[in-house]
Amino acid sequence: MQPSRAYNEGDLNGAPMTLQRACRFGLPALLAFALATAATAQEFDPVEYRLGINAKILCSGVFFQGRSAEQHIEEDLARFGHFGWGEDFEYEVDRVAGRVTLTAAGGQSRSAKYNGDQGCAILPEGADDVFFEPSEVGLPMAHPEAVDWPTGDRRSTLPMPEEVDVGALESALDYAFEEGAYTPYQNTRAVVVVHKGRIIAERYAPGWTHDAPQLSWSQGKSITSALIGVLVEQGELTLEQPAPIAEWAEDARARIRIVDLLQMSSGLDFNNWGIGRPWSLSPENRHFRIYHDAVDVFDLATGVPPEFPPGRIWRYRNSDPLTLGRIVREKAELRGERYHAFPWIHLFDRVGIRNAVLETDAWGNFILSGFDYMSARDWARFGLLHLWDGVWDGERILPEGWRDFVSTPAPADDSMGYGGLFWLNAGGRFGRIPSDAFWSAGFMGQYTFVIPSRDVVIVRLGPSPGSFDPYIDEVVGRILDAIGGSSDDGGP
């Protein structure tokens, strides 16, 4: 973590150069930025990062998704170019130690360790284990078939609403699983459609089931939003209060509020250069470093200076939800609670989410910006909690009006496409989806849509290679057409 110093709103010249700042200051700054980035890239061998993320994902696939290493490599890691899988990579699975090690032809290697209910974590170079004590989470639950939907799975599909065209709905799911609509393959693995609280359509790819945890990537940001909502409902936080980060108290970061972090408007100088670009595997690309490297993600997120005043500029940055994650941890531990159990005690167990795995770094911090796994039905439950404004079986879990808050555009987002760690259609991103729709979204096409005007939740999971907006717009549009009725806001 960087040493503490005081930052003023006008102290941007003292902050490290980023692509955004370089663009503001013209061509000379852009050239300087490119040279500095190239120098960093030359000093760092990106194969270390490629080994790190692939070891972690392979570890998760083997140890709690129940897939063979060969299957996971063929169907996920080697199939897509996003993670930099190398044909020369060799792997070793140590089931006794719960460790996966990847080695490149040049001799570099990285390992990931399985930590039970905390999933897998990338190990720092030279470390044999993580630096926290793994623990079990979740309360004992009745068998899901012994409890009615949505808390359980019994009676999940009855009755079918009269207005639903069953044939058209089946055709919509056929389209959802069809390969080659907009890309060579969509790789859809799960679709669940909930209308009026009941599952009216559900389908899975071969080998996948309704209780199989799937890598959901940035959908975890919306879980962080819900955990903050829990603390707000419990009176531990308010949206307008300054973020309680001790190191920020004496500098300009003290002005960053909880609401700024929820709306991706903190102004922190946290680089996001995208993925797949020449410099994307640089240590300075902090947004993606947390997925490739063994780093304390909370220190990385909170240990950067401000780049802009809070609340004025919207930018998609992992720093903001990770900072909120640190606040959740500190609040839980201050109350004497087990941090790793907090999401289960206060959220998951209360709504019947049974198959979640929230992974951590080697220091035990949840990486809820992207390393989270949940089943399709569990995501449907999460969507229903928000559709019902935080009330479950008569019990309030999230504050009254929380749905309106998370689905209201962030003031700094001119596109009206982002709210409280949820994406929005208020700005018209999707043409076939009502404007009141909001959703959690993850890398490579992970979605949980909540559409209040249609009383609908739609979950789609599975790693897709790209060009995804036209596909998901058509899938959701066809599903809504099959359900019938009309949107209260003039949408389809």
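The values are calculated or read from the model by the stated rules, or taken from the named source; none is laboratory data. Because the structure is a prediction, the values reported are computed rather than measured. Backbone-built Cβ (ideal geometry, glycine too); neighbour counts: all protein chains shown. Ligands, DNA and RNA are stripped out before the accessible areas are found, and what is left, the full protein with its side chains, is counted by its heavy atoms. Shrake-Rupley method; radii C 1.70, N 1.55, O 1.52, S 1.80 Å.
Here are some notes:
- A 1.4 Å probe, protein heavy atoms only, puts the accessible area of D349 near 30 Å².
- Each residue, F131 and D148, gets one label point 7 Å from its Cα in the Cβ direction; the gap between the two is 5.0 nm.
- Where region 272-386 is the region considered: accessible area per residue in Å², 1.4 Å probe: 25
- At full extension, S415 and D211 could sit 69.9 nm farther apart than now, given 0.36 nm per residue minus the alpha carbon distance.
- Shown in residue order for region 283-300 are the 3J(HN,Hα) couplings computed by the Karplus curve 6.51 cos²θ - 1.76 cosθ + 1.60 at θ = phi - 60°: x, 6, 7, 4, 4, 9, 4, 4, 8, 9, 10, 8, 9, 5, 5, 6, 5, 4 Hz (x for Gly and Pro).
- Between R79 and E400, the simple spin-label model (points 7 angstrom out along Cα→Cβ) gives 4.7 nm.
- Look at the dipole of region 244-373 built from charges on Cβ: of I313, A341, F288, the Cα furthest out on the positive end belongs to I313.
- Note on region 254-316 and region 94-147: Cα centroid distance 26 Å, given to the nearest whole angstrom.
- Heavy atoms of M160 accessible to a 1.4 Å probe, total area in Å² rounded to 10: 80
- Which of V191, W217, P161, positive extreme of dipole for region 138-237 (C-beta unit charges): W217
- Mean ellipticity per residue at 222 nm, deg cm²/dmol - from DSSP H runs of n ≥ 4 across the chain, formula -39500 (n - 2.57): -8500 deg cm²/dmol
- Where the Cα pairs of region 157-302 fall when distances are cut into 10 Å bins, in %: 9, 23, 26, 23, 16, 3, 0
- Mean sequence separation of contacting Cα pairs (under 8 Å, at least six apart), scaled by the length of the chain, corresponds to a relative contact order of 19 percent.
- Computed over region 184-250, the ratio Rg/Rh where both radii use C-alpha atoms and Rh is Kirkwood: 1.18
- Packing rank of 69-78, 194-203, where each peptide gets the mean count of other beta carbons within 10 Å, highest leading: 194-203, 69-78
- Taking the Cα centre of the chain as reference, the dipole from Cβ charges on Lys and Arg (+1) and Asp and Glu (-1) amounts to some 460 debye.
- Apportionment of accessible area to carbon and sulfur, the chain, percent (1.4 Å): 50
- Rounded if a/c under 1.5, otherwise prolate or oblate - region 334-492, Cα gyration tensor axes: prolate
- Look at the alpha carbon pairs under 8 Å that are at least 6 residues apart: their mean separation over the length of region 67-201 gives a relative contact order of 10 percent.
- Taking the C-alpha atoms of the chain, convex hull volume expressed per residue in Å³: 149
- Net charge contributed by nearby residues that have their C-beta within less than 11 Å of L139 (K/R +1, D/E -1): 0
- Accessible area of E395 (1.4 Å probe, protein heavy atoms only, ligands and nucleic acids ignored): about 90 Å².
- Largest accessible area first, the listed residues E284, E87 line up as E87, E284 when surface is computed with a 1.4 Å probe on the assembled protein chains.
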